[in-house]
Amino acid sequence: MQLAELARLNSARLQRRAAVVLTDISAGGSEVLVEGEGVPPALAGIVTGALRSGKAGLTEIEGRTLFINVHLPPPRLLVIGAVHISQALARMAPIIGYDLTIVDPRTAFATEERFEGVKLVADWPEDVLKEQPLDAYTALVAVTHDPKIDDFPLSEALKAGCFYVGALGSRKTHAKRMERLKEMGCAETQIATIAAPIGLDIGAATPAEIALAILAQVVEAFRRRDLAAEA
Amino acid sequence: MTVSVTMDPLLTAESWVKSGRSVALATVMETWGSAPRQAGSHLVIDGEGNFEGSVSGGCVEGAVITEALDVIASGQPKMLDFGVADETAWRIGLSCGGRIRVYVERLG
């Protein structure tokens, strides 16, 4: 691969655009195709299939052996609450390759100092979600405990089909939350999918351990999600 | 941050090439049986043998790095096959029992 092609690929990846790299194993040479920038008609079927499956592999086209590599944008992680757990999440998520944003209208919590270098929005989720709607490739993690802040994004996440929806709080807190979400029009079957108490049960005690338990649960939800149901 | 900047072999590769280092890119093309890294995984290697990324669980990286230095010198890409059936399994095979095919090309 030439440097210009590698730079184009990395630039697409950093902008969260899907890209495919075709390497000609027989003749050598690579070609980078970025989603939305046009695909040669002869390759359209294969490229579309690769983008859909996300799977890399070898294939034969017109007597040439090609390797198709697929680069899909990483899932997003939207965290509601700029709390201690979120500070640990903000450090761990980039290691996993997840794209993390933290939203908290409480400016005492959402400070640059506590979240240096993190995408942080000190605004109400109602306003933020208007600009950046949720989707199936987003995990929503609500950790403020405050119904005024958490409930709205939780209900929106259920409606948008986020691949993971988790909420911090004891079983008692969550029971009350489930009642409120029902009143907000969420279906009981959807409400039942919320991960609460949040995180895999590893006996996590500190904020960092809870963050680890949450991230592990998010990865599990993404890797084991039912692709057949999405199609 | 959208892509993890640390430990990302393709970002590392770009910055290495831009800083004038000679670089090879190794890519897992196919796997059979139990293999730790799926097709499409990358290992980048520079002319000094520095590397970032992985194509296995650390089983065959040593051999890939050696081959990569050849590829950097010659400019000719190589296809490498590794399997447990190899007589030298403990040196350059996969102890997990799988087989992998790795393509190594020079960058830039």
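Structural remarks
- Peptide ranges A:188-197, A:6-15 listed from the most packed, as the mean C-beta count within 10 angstrom indicates: A:6-15, A:188-197
- Our summary gives chain A a relative contact order of 14 percent, counting only alpha carbon pairs under 8 angstrom and 6 or more residues apart.
- Sequence ranges A:25-32, B:37-44, ranked by mean other-Cβ count within 10 angstrom, highest first: B:37-44, A:25-32
- Fraction of beta bridges assigned by DSSP in chain A that are antiparallel (%, nearest 5): 45 percent
- Full extension of the chain between residue A:124 and residue A:145 gives 6.1 nm of extra length, using 0.36 nm per residue less the Cα-Cα distance.
- Across B:79, B:7, the residue with the most accessible area heads the list, and the full order at a 1.4 Å probe is B:7, B:79.
- Stretch gain in nm, segment residue A:5-residue A:95, where the contour uses 0.36 nm per residue and the Cα spacing is subtracted: 29.9 nm
- Computed from the C-beta positions of residue A:61 and residue A:15 and an R0 of 25 Å, the FRET efficiency is 0.35 to the nearest 0.05.
- Here the label points at residue B:66 and residue A:183, each 7 Å from Cα along the C-beta direction, are separated by 7.1 nm in the simple model.
- Greater than 29 Å apart at Cα, pairs in A:119/A:172; A:55/A:130; A:130/A:172; A:119/A:176; A:55/B:78; A:119/A:148: A:119/A:172; A:55/A:130; A:130/A:172; A:119/A:176
- Mean sequence separation of contacting Cα pairs (under 8 Å, at least six apart), scaled by the length of segment B:9-106, corresponds to a relative contact order of 33 percent.
- The long axis of helix A:44-53 is offset from the longest Cα principal axis of chain A by roughly 30 degrees.
- Test item: A:134-146 mean partner chain Cβ contacts at 10 Å: 0
- The mean number of partner chain beta-carbon atoms within 10 angstrom of a residue's beta-carbon across peptide B:9-18 is 3.
- Among A:109, A:67, A:163, residue whose mean-square fluctuation peaks in a GNM of chain A (springs only between Cα atoms under 10 Å): A:67
- Shielding value for A:69-79 is 2, the average number of Cβ atoms from other chains within 10 Å of each residue's Cβ.
- Nearest 10 degrees, 0 to 90: helix A:147-160 Cα axis against chain A principal axis: 30 degrees
- Residues listed by number, segment A:115-142, amide nitrogen under 19 Å from residue A:190 label point at 7 Å toward C-beta: A:125-142
- Measuring nothing but how far apart in sequence close Cα pairs (under 8 Å, 6+ apart) lie, relative to its length, segment A:1-86 scores a relative contact order of 31 percent.
- Based on DSSP H segments of at least four residues, each scored -39500 (n - 2.57), the protein assembly as shown has a per-residue ellipticity at 222 nm of -10500 deg cm²/dmol.
- Packing-based ranking of A:83-93, B:59-69 yields A:83-93, B:59-69, ordered from highest to lowest mean Cβ neighbour count within 10 Å.
- Rolling a 1.4 Å probe across all protein chains gives residue A:159 an accessible area of roughly 120 Å².
- Part-to-part distance (alpha-carbon centres) for segment B:19-47 and segment A:179-225, which is given in Å: 35 Å
- Averaging the Cα positions of each part gives two centres, and for segment A:1-66 and segment A:67-90 these lie 25 Å apart.
- Rg ratio (alpha-carbon, reference 2.2 N^0.38 Å) - the protein assembly as shown: 1.12
The values are calculated or read from the model by the stated rules, or taken from the named source; none is laboratory data. Because the structure is predicted, anything quoted here is derived from the model rather than measured. Cβ: placed from backbone, ideal geometry, glycine included. Neighbour counts: every protein chain shown. All accessible areas refer to the heavy atoms of the entire protein, side chains included, with ligands and DNA or RNA removed. Shrake-Rupley method; radii C 1.70, N 1.55, O 1.52, S 1.80 Å.
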